[in-house]
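Working notes for the structure below.
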Amino acid sequence: MPATDPSRRVLQSRHAAARRWHRPDADDLARALTEARLTDYITRTVAAAPPLTSDQRDRLALLLRPTSGAAA
């Protein structure tokens, strides 16, 4: 899906240029772009879904928290 938000489009362009020119900030830009994409997706999904219970929100939030064996 193309980035329609101007700030996300700029981030996507900066990331592409950093990868192309092997800049040291490419990984940081990749993380920021991934965060922006996930934020957009989660926002759209939650808006389209029926209301969740507190337990359901807690279980979903656990997916975003690092576990003891995962890298942060």
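The values are calculated or read from the model by the stated rules, or taken from the named source; none is laboratory data. Predicted, not measured: the structure shown is a model, and the values here were computed from it.
Observations, loosely collected:
- So ASP58, is it within 30 Å of SER13 (Cα to Cα) and either of a type in the set (Asp, Glu) or at pLDDT 90 or above (or both): no
- For segment 1-33, the tally of residues that are closer than 26 Å to ARG44 by Cα, of a type in the set (A, V, I, L, M, F, W, C) and part of a helix (DSSP H, G or I) stands at 7.
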